[in-house]
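The values are calculated or read from the model by the stated rules, or taken from the named source; none is laboratory data. No experiment lies behind these values; they were computed from the predicted model shown. Note that we place each Cβ from the backbone using ideal geometry, even for glycine, and neighbour counts take in every protein chain shown.
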Amino acid sequence: MPARNRLTGQVVLITGASSGFGADAARLFAREGCRVALTARRMDRLQAVAGEITAAGGEAGVFQLDVAELQQVEDVIQAIVDTYGRIDILFNNAGFGRLDWLENLDSEREIADMIAVNLTGLIQVTRTVLPHMLRRRSGHIINMSSIAGWIAAPLYSIYAATKFGIRAFTESLRREVRHFGIHVSGIYPGGAATEFSRHTGDSSVKRAVRLPSWLRMTSESVARQVVRLAKRPRPTVILPGWMLPVIFFASHFPRLTDWILVQGVKRLHRLPEE
Ligand code: NDP
């Protein structure tokens, strides 16, 4: 039995709970005694995570959800509220990144989809959950952004645009709803070992933007920070901590930052084919 604490009995909705940070956060929230509603597109993976949680004595439900489909968002959130009676914590985590030269990214499959999932999807899920939290004058919305929400590296143009967008959305909404008892937090991790890199593309570009393994965090260490944030709401969590001075440097010395990042891609550069 999990020890009682301020998270015990809370209902947590997680998007993108079928792998990586979402799946690990689901396991950890359940261990804290939360009831977790797991959502994503891959039902087999969600069921496997839920199976582990229930086998360990926790409580988990699975709901198939593509966050880019507004009707599904509305139906699934209603189903979750019908099942659990409320949503205390929303962990907006679903997302992916395709990293490449802008002209190589497919307009529909890559550019439009990345914006639809990472940014519009997160906004629509939040907008649908929010009235339930407002009615109860309580709740915590945790939005997964990235270090790419602070520093826009070359080849990350669209991904960084979605993650900067999440930061802006998070900051505005926090100021909009704090007065009504609702916390809104942004979490901004650097590179971590998850299935994320399977979707970033496959090219010299991918190899160039890949962090060495010793610099990558584990998925569970990021998930632990999400649970910690839920226990003690704060506006912003940047991971790992040493990225804070890097972000400070990038925002105060933009020309030097440009120079450093341009050196990184110079050796890769090529013009689009005629
Ligand atoms: P994973 O690829 O392991 O997880 C991504 C999750 O998002 C999966 O559960 C996937 O589920 C879900 N997802 C993708 N598209 C959709 C969709 N259309 N609708 C619903 N769910 C979707 O990677 P991570 O755990 O690393 O990624 C989680 C979040 O963390 C992302 O937002 C990512 O941008 C962010 N992030 C990742 C970092 C990293 O280095 N790993 C660093 C900083 C931020 P399914 O395919 O089953 O739908």
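Summary table below
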item	result
Filtered residues of segment 142-184 (kept if within 12 Å of the ligand (Cβ to nearest atom), over 23 Å from ILE14 (Cβ atoms) and among the small types (Gly, Ala, Ser))	ALA160
Residues satisfying the stated conditions in segment 72-108, i.e. in contact (Cβ under 8 Å) with a residue 40 or more places away in the chain, over 25 Å from THR170 (Cα atoms) and of a type in the set (Asp, Glu)	ASP100, GLU103
Single unsatisfied condition, ILE87 versus (1) surrounded by fewer than 20 Cβ atoms within 10 Å (Cβ to Cβ); (2) more than 16 Å from the ligand (Cβ to nearest atom); (3) of a type in the set (Val, Ile, Thr)	(1)
Selection from segment 142-155 of residues that are modelled with pLDDT under 95 and crowded, with 22+ Cβ neighbours inside 10 Å	LEU155
Enumerated helices (runs of 4 or more DSSP H) restricted to segment 217-274, each holding at least 2 residues that are within 18 Å of the chain's Cα centre (by Cα) and either β-branched (Val, Ile, Thr) or modelled with pLDDT of 95 or more (or both)	219-231
Total residues in segment 1-22, condition in a helix (DSSP H, G or I) and within 22 Å of GLN78 (Cα to Cα)	1
Leading residue by the ranking (farthest from ILE187 (Cα to Cα)) among those in segment 247-257 that are surrounded by 15 or more Cβ atoms within 10 Å (Cβ to Cβ) and in contact with a Ser or Thr (Cβ under 9 Å, 6 or more places away or on another chain)	THR257
Count - residues of segment 38-76 that are away from the ligand (no atom under 13 Å from the Cβ) and under 22 Å from ILE182 (Cα atoms)	1
Members of segment 214-266 found to be within 26 Å of ARG174 (Cα to Cα), free of Cβ contacts under 8 Å to residues at least 24 places away in the same chain and among the aliphatic types (A, V, I, L, M), listed by number	LEU244
Hey, GLY97 within 13 Å of the ligand (Cβ to nearest atom), surrounded by 19 or more Cβ atoms within 10 Å (Cβ to Cβ) and farther than 22 Å from PRO233 by Cα or not	yes
Residue under evaluation ILE111, criteria (1) within 19 Å of GLY181 (Cβ to Cβ); (2) in contact with a Leu (Cβ under 6 Å, 6 or more places away or on another chain); (3) among the hydrophobic types (A, V, I, L, M, F, W, C); (4) without any contact (Cβ under 8 Å) to a residue 60 or more places away in the chain, criterion not met	(1)
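Matching residues to (1) surrounded by fewer than 21 Cβ atoms within 10 Å (Cβ to Cβ); (2) more than 19 Å from LEU229 (Cβ to Cβ):
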site: SER18; (1), (2): no, yes
site: PHE21; (1), (2): no, no
site: ALA25; (1), (2): no, no
site: THR39; (1), (2): no, yes
site: ASP44; (1), (2): yes, yes
